[in-house]
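Peer 1: There's a structure below that I have some questions on.
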Amino acid sequence: SFGDLMLKEWATKVLSFSLQEDRSFLMSDYIPNSDGEEEIFDVSEYDPASGMRSSSVCSTPQSSTVVGALIRASSAKRSPYLLADQGFHKSVILVVLDDEESSQGVILNHVTTETITLDLEGTNVEIPVRYGGPFQDLARGEGDSKPPLVFLLSSPSLREASIGVEVGTSGIFACTKQNITKAINAGLASVADVMAVQGLSMWKKHCSRSGVRGDIEEGYFEEISNNNIGNVWRRLLSQKPLSKDTVDENLLIAAEAWAMGRAVPQDDPVYVFGSDVDAEALADEALRRWVKAFFL
């Protein structure tokens, strides 16, 4: 059973001798709300550019390269997110800020059941809201019932029109709802090109080899090459609002997007001790159960 296989993997982990302890710098003290209550999003006046601009004056040398990077979770034979933080397994994350205290990013591959309406000329269109990470409170303004949304759009036309703020040099722009509406009405983008993300993922800083760069160097995450970013982005855009009918398709699309960022072919599979079950397949199942538990 699933429980027996997870127990075997836990036992393999705790009983194995390792010269190096797990030391991911990811902060995961919060989990998404799973009480099933309907929530109202307050997205009226949020300006994501305020946070993006602060990264440009950071004195940390790595900031100039890591902000705007698209990263994917480890392709190790045994996922480091099998037994904990399953939401990061095969995740794709855009790094949006890196300063002396922390690194911040938004997960792109977790579509939720929520949608947000864009009021366009002559019509209203709903787009799915994506779960950006476990830190929801940090983006919430005083008096807000929910943290605001960040709208992301990949379009060179926005740079020429001075709409939104480019995240690093990624070609992906962080926008307000008003920015997005303006761009679409002006014919600079389409609704199908837009992602709406809520929440943050954070990495703590306490030394030069910490934050998201430390996790990349330790193998918890891998940078996606610039040549693959476009394909990964477009594949994720095909995900639909989450439901019981779309959950498996959305997970498949997310896994395909994650695989598109792979620099080298995957190694031969590793099996759960005493079984013929691929450890990667077990981690995939753990992720599926995590999504259903917290989002459905």
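The values are calculated or read from the model by the stated rules, or taken from the named source; none is laboratory data. Keep in mind that this is a model prediction, so the values were computed, not measured. Every residue, glycine among them, receives a Cβ derived from its backbone with ideal geometry; neighbour counts consider all protein chains shown. These area figures cover heavy atoms from the full protein model, side chains too; ligands, DNA and RNA do not enter into them. Shrake-Rupley method; radii C 1.70, N 1.55, O 1.52, S 1.80 Å.
Peer 1: Give the range 161-180 a look and list any residue that's polar (S, T, N, Q), within 16 Å of residue 148 (Cα to Cα) and buried (at least 18 other Cβ atoms within 10 Å of the Cβ), or say none.
Peer 2: Residues satisfying the conditions are 176, 179.
Peer 1: Checking residue 292 against (1) within 21 Å of residue 135 (Cα to Cα); (2) open to solvent by 50 Å² or more (accessible area, probe 1.4 Å); (3) in contact (Cβ under 8 Å) with a residue 60 or more places away in the chain: exactly one of these is not met. Which one?
Peer 2: In the conditions (1) within 21 Å of residue 135 (Cα to Cα); (2) open to solvent by 50 Å² or more (accessible area, probe 1.4 Å); (3) in contact (Cβ under 8 Å) with a residue 60 or more places away in the chain, residue 292 misses (3) alone.
Peer 1: I would also like to ask the following. From the list 49, 76, 139, 84, exactly one residue is at pLDDT below 95 and touching a Cys at 6+ places or on another chain (Cβ under 9 Å). Which is it? Give the steps one after another, and end with the answer.
Peer 2: Details: 76 fails: touching a Cys at 6+ places or on another chain (Cβ under 9 Å); 139 fails: touching a Cys at 6+ places or on another chain (Cβ under 9 Å); 84 fails: touching a Cys at 6+ places or on another chain (Cβ under 9 Å).
Testing whether each residue is at pLDDT below 95 and touching a Cys at 6+ places or on another chain (Cβ under 9 Å) leaves just 49.
Peer 1: Same structure again: Looking at (1) open to solvent by 20 Å² or more (accessible area, probe 1.4 Å); (2) in contact (Cβ under 8 Å) with a residue 12 or more places away in the chain; (3) assigned to a loop (DSSP other than H, G, I, E, B), can you tell me which one residue 245 breaks?
Peer 2: So residue 245 meets the others, but not (2).
Peer 1: Can I ask one more? Do any residues in the range 268-289 that are on the phi > 0 side of the Ramachandran plot have Cβ atoms under 9 Å from those of residues that are surrounded by 15 or more Cβ atoms within 10 Å (Cβ to Cβ), where the two are at least six apart or on different chains, and which pairs are they?
Peer 2: 274/8
Peer 1: Sticking with this structure for a sec: Can you tell me which residue is most open to solvent (accessible area, probe 1.4 Å) among those in the range 103-138 that are more than 17 Å from residue 73 (Cα to Cα) and not in a strand (DSSP E or B)?
Peer 2: 121
Peer 1: Those residues that are open to solvent by 30 Å² or more (accessible area, probe 1.4 Å) and either among the aliphatic types (A, V, I, L, M) or free of Cβ contacts under 8 Å to residues at least 24 places away in the same chain (or both), I need them from the range 70-102; list them, please.
Peer 2: Across the range 70-102, the qualifying residues are 76, 83, 84.
Peer 1: So, one more: Suppose we keep only residues that are in a helix (DSSP H, G or I), of a type in the set (A, V, I, L, M) and open to solvent by 40 Å² or more (accessible area, probe 1.4 Å) within the range 260-289. Which one would you say is nearest to residue 4 (Cα to Cα)?
Peer 2: Filtering first and then ranking leaves 281.
Peer 1: Which condition from (1) more than 28 Å from residue 102 (Cα to Cα); (2) within 16 Å of the chain's Cα centre (by Cα); (3) open to solvent by 70 Å² or more (accessible area, probe 1.4 Å) is the one that residue 256 breaks?
Peer 2: All conditions are met except number (3).
Per-residue answers, yes or no, for (1) outside any helix (DSSP H, G or I); (2) surrounded by fewer than 23 Cβ atoms within 10 Å (Cβ to Cβ):
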| position | (1), (2) |
| --- | --- |
| 201 | yes, no |
| 213 | no, no |
| 229 | no, yes |
| 249 | no, yes |
| 252 | no, yes |
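Peer 1: Pairs only if they're at least six apart or on different chains, beta carbon under 6 angstrom, first in the range 128-157 and of a type in the set (D, E, K, R), second in a loop (DSSP other than H, G, I, E, B) and at pLDDT below 90; list them, first residue then second.
Peer 2: Sorted first by the residue in the range 128-157, then by its partner, the pairs are 140/147; 144/42; 146/39; 146/41; 146/42.
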